[in-house]
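Everything below concerns the one structure shown next.
The values are calculated or read from the model by the stated rules, or taken from the named source; none is laboratory data. Just so it is clear, the model here is predicted, and its values are computed rather than measured. Positions of Cβ are generated from backbone atoms using ideal geometry, with glycine treated the same way; all protein chains shown enter the neighbour counts. These area figures cover heavy atoms from the full protein model, side chains too; ligands, DNA and RNA do not enter into them. Shrake-Rupley method; radii C 1.70, N 1.55, O 1.52, S 1.80 Å.
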Amino acid sequence: MTDVPDLQKLRVDIEKVDEDLLDALRRRMDLAEDIARAKLAAASPIRDQRREDLLLQRIRTAAMARKLDPHEVERLYRFIMEMSVARQHALVTSLPTTPLRVAYPGVEGSYSHQMAHKRYAGRPGGVLLSGFDTAREVVDALLRGEVDLGLLPIENTTAGAMYETYDALAEEGVTIIAELVDQVQHRLLGLPGTKLESIRGVLSHPQALMQCETFLREKLPGARLLPELDTGGVAQRVREGNDPTVAAIASDSAAQRFGLEILARELQGAKGDFTRFLEVAREASPMPTDVPCKTSVMMVLENKPGTLSKALLMVAERGVNLARLESRPLPGTPWAYRFFLDLEGHAASAPIEAVLRDLQPYTTSMRLLGTYPDVKLP
């Protein structure tokens, strides 16, 4: 007669396995907290979608090797990963020194993320980074109090202004507290083994495509240019699309992060170009009057002939240098515009105060966007 398994012993064995699983889960949660501390110190986002996707892929393969249902195991691990992320956020909120919360447009590997890493990595108390799809979403998160600062690209030395950022700056409650300048070196990225001559489509942010226009015209004249939201995201799409005829213009870090090969360097020429970023907050930061500064102003002028030329003449007559002038359509009012001025000088200085006073009669609205240290090109 075949031996009948001892039900009670089997139940005891299962309980032991359950204890082992719970101990392993506790160790995983402890490791998740250690990872959160490392991310805060390194200025890396808590959520790493690329890492999560790779983990789930590995788990599915491991489940099949053990003759387990890979789909059911994936469901279980998705829940465990959510527990880990929740544990990391709980740690962040429990720290005695609250980390600085910073939002930027794009994903890990984008140029905005690279600038955020350079700016905040190693900060005492840590930094909690969050990537958003657009500059407007960054500003909205700032205004809702979900983040303390936003980091926004505003212009590039080759492609010019980033209008989405100017439109986002028009929101009430946003103040510029700093500017940063970073050199941008674009790379053409493709799947491993891809040949340059096989490329038929190039993904990137419209600004990056403009900055690399000469290279694309000379080296890839037949390739379709495919604008996307951010440079880090296009690298991820090339990796996931697995199409050797599609490449991305992105950064070295995006190549490393998404396992892509660098097909070409120095797409903008040997010197590259530079992108200017603005750090924005809900409130202004104190600024000593003896520090070389810029003051940014947004104004809507009266719709009368010669008003703009008169306003610019007022700036010149006060001896104030106009570092930049941009215009953007005024929503809801056809053929009316907001003007954004960067003036060299402190808002509290006599020349800038005089300029703002002189401009007042020519405007229907005017708002000081911020005074912040002036940063020159390296």
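The single residue among A65, A38 that is farther than 24 Å from F258 by Cα, among the small types (G, A, S) and either in contact with a Leu (Cβ under 7 Å, 6 or more places away or on another chain) or free of Cβ contacts under 8 Å to residues at least 24 places away in the same chain (or both) turns out to be A65. When T194, T245 are screened for being among the β-branched types (V, I, T) and open to solvent by 20 Å² or more (accessible area, probe 1.4 Å), only T245 passes. The conditions are (1) within 30 Å of A247 (Cα to Cα); (2) assigned to a strand (DSSP E or B), and M366 fails exactly one of them. Which is it? Just one mismatch for M366, condition (1).
Pairs meeting the criteria (first residue in segment 85-110 and more than 24 Å from A255 (Cβ to Cβ), second residue open to solvent by 20 Å² or more (accessible area, probe 1.4 Å) and outside any strand (DSSP E or B), beta carbons under 6 Å, at least 6 apart or on different chains) are L91/E33; T97/G125; P99/G125; L100/D148; R101/D148. Checking each residue in segment 248-260 for being charged (D, E, K, R) and either crowded, with 21+ Cβ neighbours inside 10 Å or at pLDDT 95 or above (or both) picks out only R257.
For every residue, the table says whether it meets (1) open to solvent by less than 80 Å² (accessible area, probe 1.4 Å); (2) among the charged types (D, E, K, R); (3) at pLDDT below 85.
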{"position": "L31", "(1), (2), (3)": "no, no, no"}
{"position": "A38", "(1), (2), (3)": "yes, no, no"}
{"position": "A43", "(1), (2), (3)": "yes, no, yes"}
{"position": "R50", "(1), (2), (3)": "yes, yes, yes"}
{"position": "R58", "(1), (2), (3)": "no, yes, no"}
{"position": "A63", "(1), (2), (3)": "yes, no, no"}
{"position": "L68", "(1), (2), (3)": "no, no, no"}
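Within segment 277-309, the set of residues being charged (D, E, K, R) and surrounded by 20 or more Cβ atoms within 10 Å (Cβ to Cβ) comprises E279, K294. Go through the residues of segment 343-361 one by one and say whether even a single one is of a type outside the set (V, I, T), in a strand (DSSP E or B), free of Cβ contacts under 8 Å to residues at least 60 places away in the same chain and surrounded by 20 or more Cβ atoms within 10 Å (Cβ to Cβ). Yes - at least one qualifying residue is present in segment 343-361. If you go through segment 310-320 and keep only what is under 14 Å from P361 (Cβ atoms) and either outside any helix (DSSP H, G or I) or open to solvent by 20 Å² or more (accessible area, probe 1.4 Å) (or both), you end up with K310, L313, M314.
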